[in-house]
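Heads up: the structure comes next, in structure tokens.
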2 protein chains.
Amino acid sequence: MEPTNQPNASRTVPEPTLRRLPLYHRFLKGLAEQGREFVSCTMIAEELGLDPTQIRKDIEVTGAVGRPKVGYVLTELTAAIEGFLGWNNINEAFLVGAGSLGSALLGYSKFEQCGLSIVAAFDADPAKVGQRIHDKMVLPLEKLPNLAQRMGIKIGIITVPAAGAQKVADLMVEGGVRAIWNFAPLRLRVPENVIVRNEDLYCSLAALSQKLAQALEQEKKNEGEVIHAAR
Amino acid sequence: MEPTNQPNASRTVPEPTLRRLPLYHRFLKGLAEQGREFVSCTMIAEELGLDPTQIRKDIEVTGAVGRPKVGYVLTELTAAIEGFLGWNNINEAFLVGAGSLGSALLGYSKFEQCGLSIVAAFDADPAKVGQRIHDKMVLPLEKLPNLAQRMGIKIGIITVPAAGAQKVADLMVEGGVRAIWNFAPLRLRVPENVIVRNEDLYCSLAALSQKLAQALEQEKKNEGEVIHAAR
DNA sequence: TAGATTGTTAATCGATTAACAATC
DNA sequence: TAGATTGTTAATCGATTAACAATC
């Protein structure tokens with residue numbers, strides 16, 4: 001038995017928590033290199049500019065248990081996060097779309113440390129098929145369903161233009177893929193037992209630039225008021 | 001005067017709303033191509049699998065006004081969203097990190113339709129400096145602050161590895177950049193008047209794979225129970 | 001007119017934050 | 001012991017969803 005409680009895997013964990021855990025993990029790795037043995041929520045909170053209570057709640061879902069006054073044993077907490085996120089056992093994935101974004105992702109070797117191994121790329125373009133990108137073969141798209149089925153691939157990554165993305169998603173679903181990381185700027189239609197995570201850059205960009213515009217406008221307004229008040 | 005109300009730009013708009021507006025916009029563009037004249041929240045909701053009331057609230061912030069029973073005039077609503085998101089006037093941006101991800105972003109010509117024009121790339125590697133990527137010059141990193149200042153650049157995009165990202169952010173801030181789109185997997189330290197949007201793929205991946213793991217586990221458990229109950 | 005849809009107010013839900021007892 | 005920190009419960013906050021009157 002492990003020294004930690006049973007992870008709270010049965011109840012669904014809030015998405016924001018899932019997105020913060022890797023941040024904690026990254027920070028802990030840094031501390032480990034410095035030879036630290038313990039870590040408190042206060043410390044993590046200060047580093048990341050978050051609320052200590054929030055961090056404590058996030059950690060709770062991983063099953064890690066700390067000691068009052070001391071904090072968490074660094075190695076234990078790191079292991080608990082890795083275990084909870086499934087970073088110990090590797091998921092194999094197929095990537096479709098061997099363009100520049102796809103090539104970039106194929107080169108992200110650190111995905112392996114996060115439990116993701118992209119084992120092959122696919123493309124509809126015969127000119128790309130047969131190439132090797134970062135040591136991964138580019139295969140013809142039509143072979144995807146069969147291969148995914150045979151290899152038990154559960155994760156698909158879509159880096160094709162919007163126009164071709166739905167077709168790719170359909171092929172993935174046909175091949176038994178259960179989670180799709182979608183970089184194409186559109187919403188895919190998939191059966192409800194398939195998880196989709198959209199990395200829609202246009203949506204992110206919109207949020208960023210609108211906030212910037214608002215901040216700049218607010219400043220202009222404030223300046224105006226200051227000048228007005230100074231008279 | 002326009003036929004719409006004054007956009008609700010003074011109060012800060014919820015982030016989820018900002019991220020959904022581009023989805024509506026994309027759908028409206030599609031409808032326009034089909035020659036439609038009006039659109040209702042119900043229709044948008046069905047297409048995107050969202051709640052109609054939510055869409056109505058989102059639209060409200062853009063200042064667009066609809067008519068009961070009819071819905072919104074398609075062109076009016078489209079214009080309202082574009083106006084609210086600032087897609088009419090273009091922001092110029094600098095990108096730092098002419099690697100594969102950076103190159104991919106430099107090729108996203110549709111950013112221009114969303115008010116973003118990447119006007120130059122920068123890199124610390126002398127081997128990359130002087131190249132042209134998608135018609136954009138790659139300049140030496142150290143020239144960034146001065147150039148940003150002179151050109152009034154307010155948006156910076158970071159596509160360098162984590163190790164170099166903070167230094168890049170510092171240079172951007174020095175050059176007067178006020179919004180940073182950060183693709184490096186770390187949290188940047190910036191003055192509080194600078195907006196940062198993190199595109200941290202490891203965080204997204206963690207959320208996706210944990211959800212997949214949980215779904216698969218849940219299924220296994222359910223299967224077990226079914227078998228158990230069948231006895 | 002009848003009914004679909006908007007606009008708006010109220011209720012619900014979920015996540016963050018605060019409060020505080022337990023404890024090493 | 002005193003004080004920092006955990007674990008947990010309660011309060012707050014913000015976004016989503018429901019309810020419903022107004023209206024074309």
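Just so it is clear, none of the values below were taken in a lab; they were calculated from the coordinates. What you see is a predicted model; the values in this text were computed from it and never measured. All Cβ positions, glycine included, derive from the backbone under ideal geometry; neighbour counts span all protein chains shown.
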When the Cα centres of the range A:67-97 and the range B:132-158 are compared, how far apart do they sit, in Å? 38
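Taking the square root of 5 times each eigenvalue of the Cα gyration tensor, what semi-axes in Å does the equivalent ellipsoid of the range B:60-153 have, largest first? Could the numbers behind the result be given before it?
Values: eigenvalues 288, 38, 13 Å².
Calculated on Cα positions only, the semi-axes equal 38, 14, 8 Å.
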Cβ-vector label at 7 Å, B:GLU33, separations to other copies in nm: 4.7
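Within a 10 angstrom radius of each residue's Cβ in B:83-92, how many Cβ atoms of other chains show up on average? Whole number is fine. Before the final figure, lay out each step's value.
Working: counts 0, 3, 7, 7, 4, 0, 1, 1, 5, 0.
Mean shielding count: 3.
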For the range A:1-157, what is the charge dipole size about the Cα centre, in debye to the nearest 20, if Lys and Arg each add +1 at the Cβ and Asp and Glu each add -1 at the Cβ? 120
Expressed in µm² per second, the diffusion coefficient of the range B:57-97 from the Stokes-Einstein equation, with Rh the Kirkwood radius over alpha carbon pairs, at 10 °C and 1.306 mPa s, is 134
Could you give the radius of gyration (one decimal) and Dmax (whole number) of the Cα atoms in the range B:159-214, in Å? 13.5, 46
7 Å from Cα along Cα→Cβ at both B:LYS143 and B:ASN89: what's the point-to-point distance in nm? 2.8
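Quick one: B:LYS136, B:LYS29, fewest Cβ neighbours within 10 Å first, how do they rank? Let's see the in-between values first.
Working: B:LYS136 20, B:LYS29 12.
Fewest-to-most ranking of B:LYS136, B:LYS29: B:LYS29, B:LYS136.
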Which distances in nm, rounded to one decimal and ordered from shortest, link the label point of A:ALA162 to the equivalent label points in the other identical copies, with labels set 7 Å from Cα toward Cβ? 3.3
All alpha-carbon distances of the range A:122-231, grouped into 10 Å bins from 0, give the whole-percent distribution 13, 31, 22, 11, 9, 8, 5, 1
Which three semi-axes in whole Å describe the equivalent ellipsoid of chain B, each the square root of 5 times a Cα gyration tensor eigenvalue, listed largest first? 36, 30, 16
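Let me check I've understood the local charge: for B:LYS220, count other residues with C-beta under 14 angstrom from its C-beta, Lys and Arg +1, Asp and Glu -1. What total comes out? Show your work: numbers first, answer last.
Details: positive: A:LYS154, A:ARG178, B:LYS221; negative: B:GLU217, B:GLU219, B:GLU223, B:GLU225.
Net local charge, B:LYS220 excluded: -1.
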Just the number, please: percent antiparallel of the DSSP beta bridges in the range B:81-231, rounded to the nearest 5. 10
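For B:101-111, what's the mean count of beta carbons from other chains sitting within 10 Å of each residue's beta carbon?
Going residue by residue through B:101-111 and averaging, the value is 4.
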B:MET151 versus A:GLU47, label points 7 Å from Cα toward the beta carbon: distance in nm? 3.6
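For the residues A:VAL13, A:VAL138, what sequence is obtained by ranking on other C-beta atoms within 10 Å, fewest first?
Details: A:VAL13 20, A:VAL138 23.
Ordered from fewest to most neighbouring Cβ atoms within 10 Å, A:VAL13, A:VAL138 come out as A:VAL13, A:VAL138.
Please give the charge dipole size of the range B:167-231, origin at the Cα centre, charges +1 on K and R Cβ atoms and -1 on D and E Cβ atoms. Round to the nearest 20 debye.
Computed charge dipole of the range B:167-231: roughly 40 debye.
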Sorted largest first, the C-alpha extents of the range A:143-186 along its principal axes in whole angstrom are 29, 16, 11
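Against the empirical 2.2 N^0.38 Å scaling, what ratio does the C-alpha Rg of the protein assembly as shown come to? Each step should come with its number before you reach the end.
On the way: Rg = 23.8 Å, N = 462, 2.2 N^0.38 = 22.6 Å.
Expressed relative to 2.2 N^0.38 Å, the Cα Rg reads 1.05.
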Which of A:THR62, A:THR17 comes first, and how do the rest follow, when ranked by fewest Cβ neighbours within 10 Å? A:THR17, A:THR62
With the dipole of chain B worked out from charges on the C-beta (+1 for Lys and Arg, -1 for Asp and Glu) around the Cα centre, which of B:VAL65, B:VAL173, B:HIS25 lies farthest toward the positive end? B:VAL173
Can you list the distances in nanometres, one decimal and ascending, from the B:LYS69 label point to the identical position in each other copy, with the point 7 Å along Cα to Cβ? 7.5
Tell me, how many Å apart are the Cα centres for the range B:189-231 and for the range A:177-193? 14
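Take every residue in peptide A:190-203, count the Cβ atoms of other chains within 10 Å of its Cβ, and give the average of those counts. Display every interim value, and only then the final one.
On the way: counts 0, 0, 0, 2, 2, 7, 1, 7, 3, 5, 4, 10, 12, 8.
Per-residue shielding by partner chains comes out at 4.
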Equivalent-ellipsoid semi-axes of the range B:1-132, from the Cα gyration tensor, Å, largest first: 35, 15, 14
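Using DSSP to define loop residues, name the GluC sites (Glu not before Pro) in the range A:169-211 whose beta-carbon has at most 14 other beta-carbon atoms within 10 Å. Walk me through the intermediate numbers first.
On the way: sites: A:GLU174, A:GLU192, A:GLU199; in loops: A:GLU192, A:GLU199.
In loop regions of the range A:169-211 (DSSP not H, G, I, E or B), the sparsely surrounded GluC sites (Glu not before Pro) are A:GLU192.
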Identify, among A:MET43, A:GLN214, A:LEU141, the residue whose Cα sits farthest towards the positive end of the charge dipole of chain A, taking +1 on the Cβ of Lys and Arg and -1 on the Cβ of Asp and Glu, with the dipole about the Cα centre. A:LEU141
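Taking the Cα centre as origin and putting +1 on Lys and Arg beta-carbons and -1 on Asp and Glu beta-carbons, what dipole magnitude results for the protein assembly as shown, to the nearest 20 debye? Write down the numbers at each step before the final one.
On the way: 52 positive and 52 negative charges, 17 e Å.
Result for the protein assembly as shown is approximately 80 debye, rounded to the nearest 20.
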